[in-house]
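S.K.: Provided herewith is a single structure, encoded as structure tokens, for subsequent inquiry.
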Amino acid sequence: MIKLLTKTTFFTLLLSSITLLSKAQVGYDYAQYDIGFGGSVNQLYGDAETLKSTVAANVSFIYNQTPFVNYLVELQNGTLEGGNRKSKSGRYFKNGYTSILFRGQLQAGELIDYSGGGLMNIAKNFYLSTGFGYIFNKIDEKNINRISNTTPEFTTAGLNKSNELYIPARIGYEFKIFNKYNQPSIKIDLAYQFNMDLTDNMDGFTAGSSNDKLVQYSLGVKFALGDVISYRKSIN
């Protein structure tokens, strides 16, 4: 009888501990990997006077070291366009590009205490990100003009095909959508990204005293996949 009571008490305590531990982890778990899809509006500040907006699409794979520290590789395909054939310089271009990008991303939730809710809970999803990218430029030969309208003998130098490095600096916000297990399963990403070209061929022109600068306004969605692991504090 005593042995039976002891066993019953032991298993009751064990099951209670397991239940409490399970409950304690609700809200702490997250997927270690995401896959993302998105698009951006591009504006290239280069050697052509007229600014034009174009679009790009991307797919990304993300490794989540924590819910708020992320590393990603992104493949992007799109167009860049600018200039006006009737302008003084006559510069006009259209670039159908492909790029690959590596970024590290730090969200505020890794650094701040948001356990009290309120503004801190909203602020936790703001992030800063940087890394490096490599772009493959392909200027449309039928859609580039390097000859000046006022001085026909003046031609702007440049390459129709080039590969070059660039440095991205990104600020954004990640809206986390939680599933029935209180895990962030879908993430909506809004961001502004400034890309500094390390050479000067995104627009097909090599001119001026500064390199090209690409600005992107981005919207994306990420889906959680892979193993689920626990964070040191509640995510939601």
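S.K.: What FRET efficiency comes out for residue 132 versus residue 217 if R0 is 25 angstrom and r is the Cβ-Cβ distance? Round to the nearest 0.05.
M.R.: For R0 = 25 Å, the calculated efficiency reads 0.75.
S.K.: With equal scatterers on the alpha carbons only and no solvent term, can you work out the Debye log10 of I(q)/I(0) for segment 116-236 at 0.15, 0.18 1/Å?
M.R.: For the requested q values the scattering log ratios are -0.84, -1.02.
S.K.: How big, in percent, is the set of alpha carbon pairs in segment 40-79 lying more than 14 Å apart?
M.R.: Summing the P(r) tail past 14 Å for segment 40-79 gives 61 percent.
S.K.: Sticking with this one: If I fit a long axis through the Cα atoms of helix 2-25 and take the longest principal axis of the Cα atoms of the chain, what angle between them do I get, 0 to 90°, rounded to 10?
M.R.: Compared with the principal axis, the helix lies near 20 degrees.
S.K.: Could you tell me which of the pairs 124/187; 52/88; 138/222 are separated by over 23 angstrom between their Cα atoms in the structure shown?
M.R.: 138/222
S.K.: Find how much the distance from residue 86 to residue 153 grows on full extension, using 0.36 nm per residue of separation minus their present alpha carbon separation; answer in nm with one decimal.
M.R.: Computed gain between residue 86 and residue 153 is 22.5 nm.
S.K.: When semi-axes √(5λ) of the Cα gyration tensor in Å is calculated directly from the model, which label among (i) 53, 15, 12; (ii) 31, 28, 16; (iii) 29, 23, 15 fits?
M.R.: For semi-axes √(5λ) of the Cα gyration tensor in Å, the calculated option is (i).
S.K.: Here's a follow-up. For the chain, which span is the longest to avoid every loop-located (per DSSP) member of GluC sites (Glu not before Pro) having at most 11 other Cβ atoms inside 10 Å?
M.R.: Formally, the longest exposed-site-free interval is 1-140.
S.K.: Right, another one. Can you tell me the dipole magnitude for the chain around its Cα centre, using point charges on the Cβ only (Lys, Arg +1; Asp, Glu -1), in Debye to the nearest 20?
M.R.: About 740 debye.
S.K.: With labels modelled as points extended 7 Å from the Cα through the Cβ direction, what inter-label distance (nm, one decimal) is found for residue 49 paired with residue 141?
M.R.: Here the modelled spin labels are 2.9 nm apart.
S.K.: Set the Förster radius R0 to 30 Å, insert the Cβ-Cβ distance between residue 110 and residue 209 as r into 1/(1 + (r/R0)^6), and round the FRET efficiency to 0.05.
M.R.: Working: r = 39 Å, r/R0 = 1.30.
The value I calculate is 0.15.
S.K.: Are there chymotrypsin sites (Phe, Trp or Tyr not before Pro) in segment 134-192 that DSSP puts in a loop and that have at most 11 other Cβ atoms within 10 Å, and which ones?
M.R.: Those that pass, being in a loop and sparsely packed, are 181.
S.K.: Next question, about the same structure. At 1.4 Å probe size, with every protein chain present, just tell me what the per residue accessible area of the chain comes to in Å².
M.R.: Values: 12740 Å² over 236 residues.
Spelled out: the 1.4 Å probe surface of the chain, per residue, equals 54 Å².
S.K.: Another question, then. From the phi of every residue in segment 222-230, what ³J(HN,Hα) in whole Hz does the Karplus formula 6.51 cos²θ - 1.76 cosθ + 1.60 yield, where θ is phi - 60° and glycine or proline is x?
M.R.: For segment 222-230, the Karplus-derived couplings read 10, 10, 6, 7, x, 5, 9, 10, 9 Hz, x marking Gly and Pro.
S.K.: Between 204, 89, 228, whose Cα lies farthest towards the positive end of the dipole of the chain when Lys and Arg beta carbons carry +1 and Asp and Glu beta carbons carry -1, centred on the Cα centre?
M.R.: In the chain, that residue is 228.
S.K.: Follow-up question, since we're still on this one. Return the loop-located trypsin sites (Lys or Arg not before Pro) in segment 68-127 (DSSP other than H, G, I, E, B) with at most 10 other Cβ atoms within 10 Å of their own Cβ; answer none if there are none.
M.R.: On the way: sites: 85, 86, 88, 91, 94, 103, 124; in loops: 85, 86, 88, 91, 124.
Listed in order of number, the matching sites are 86.
S.K.: Turning to a different aspect of this structure: What percentages, rounded to whole numbers, describe P(r) for segment 169-236 computed over all alpha carbon pairs with 10 Å bin width beginning at zero?
M.R.: 17, 31, 23, 16, 11, 2
S.K.: Can you give me the relative contact order of segment 174-236 as a percent, contacts being Cα pairs under 8 Å and 6 or more apart?
M.R.: 34
S.K.: Given contacts defined as C-alpha pairs under 8 Å and at least six residues apart, what's the relative contact order of the chain, whole-number percent?
M.R.: Here the relative contact order equals 24 percent.
S.K.: Same structure, new question: Could you please state, rounded to a whole Å, how far the C-alpha centre of segment 74-153 is from the C-alpha centre of segment 171-203?
M.R.: Using only Cα atoms to place each centre, the spacing works out to 13 Å.
S.K.: Still on this structure: What is the percent carbon and sulfur in the accessible area of the chain, measuring with a 1.4 Å probe over the protein chains and ignoring ligands?
M.R.: Carbon with sulfur: 65 percent of the solvent-accessible area.
The values are calculated or read from the model by the stated rules, or taken from the named source; none is laboratory data. What you are looking at is a predicted structure, and each value in this text was computed from that prediction instead of being measured. Cβ atoms come from the backbone with ideal geometry, glycine included; neighbour counts cover every protein chain shown. Note: accessible area is taken over every heavy atom of the protein model, side chains too, but ligands, DNA and RNA are not part of it. Shrake-Rupley method; radii C 1.70, N 1.55, O 1.52, S 1.80 Å.
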